[in-house]
1. Relative to 2.2 N^0.38 Å, what does the C-alpha radius of gyration of segment 118-189 come to as a ratio? Two decimals please.
2. Whose amide H sits under 5 Å from the amide H of residue 145, counting only residues 5 or more places off or on another chain, with H placed in the peptide plane?
3. Sorted by mean Cβ packing within 10 Å, highest first, what order do the peptides 26-39, 49-62 take?
4. Please tell me the relative contact order of the chain in percent, rounded to the nearest whole number, where contacts are Cα pairs under 8 Å and at least six residues apart.
5. When a footprinting reagent is the concern and you count Cβ atoms within 10 Å, what order do 128, 25 take, fewest first?
6. Mind checking the angle between helix 30-45 and the chain's longest principal axis? C-alpha axes, 0 to 90 degrees, to the nearest 10.
7. Quick one: angle between helix 94-106 and the longest Cα principal axis of the chain, in degrees between 0 and 90, rounded to 10, please.
8. If N is the number of residues in segment 10-132, what value comes out of its Cα radius of gyration divided by 2.2 N^0.38 Å?
Amino acid sequence: MIQVNNKNFTDEVTNFKGVVVADFYADWCSPCKMLSPLMEEMSKNNKDPNVKFIKINVDQEQELAGKYGVMSIPTVIFFKDGKKATQKIGVSQKSEYEDTIKKTLSFVPPAKGAVGKVKVFSTPTCPYCHMAKTYLKDKKIEFEDIDVSQDQTQARAMVERSGEMGVPQLWIGDQIVIGFNKPVIDELLGL
């Protein structure tokens with residue numbers, strides 16, 4: 001796995017045509033130490049030239065962690081053609097990472113205006129949820145607002161599909177954005 005920092009991020013991630021699996025970690029983090037051997041194994045066994053695995057130490061690269069909204073570790077971010085596509089927080093099964101890589105490889109951003117339905121899974125007390133919904137309203141994007149604190153069926157459906165409990169979650173077409181990630185939202189909406 002390639003150790004990435006601010007100096008080589010553009011070469012290793014932004015300019016890479018394909019999928020980059022970025023493991024955001026810290027040396028002191030126990031779950032990160034559990035995930036590291038799995039990421040190393042997947043990297044070593046990877047035969048696809050369109051997929052690469054990297055590591056980013058959040059203690060040394062706080063600017064990169066902040067730029068991509070990494071607030072807990074480990075966080076694995078999947079980039080497609082240099083842009084953040086999705087992420088997984090915590091430690092997941094190998095099959096979940098493999099499935100996410102396949103989905104990210106086949107992802108083609110929708111054309112502007114061809115997004116389809118937008119859903120926002122949120123809670124009333126979440127400030128990022130309010131920011132995301134205000135942003136969509138300002139951009140005149142229609143969306144369905146789902147309060148997962150009141151609808152447990154929708155909350156379970158959200159976790160089953162995304163593998164994540166965090167909100168906000170924006171489902172834009174068949175893509176899922178965890179958190180209020182404006183660059184990814186703009187790309188998916190063609191803004």
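Coordinate-derived values only; no laboratory data. Predicted, not measured: the structure shown is a model, and the values here were computed from it. In this analysis, Cβ positions are derived from the backbone assuming ideal geometry, glycine residues included, and neighbour counts consider all displayed protein chains.
1. 0.99
2. Amide H neighbours of residue 145: 120.
3. Result, highest mean first: 49-62, 26-39.
4. Normalised by residue count, the contact order of the chain is 21 percent.
5. The fewest-first ordering by Cβ neighbours comes to 128, 25.
6. Once rounded, one gets 70 degrees.
7. 70
8. For segment 10-132, the normalised Cα radius of gyration is 1.12.
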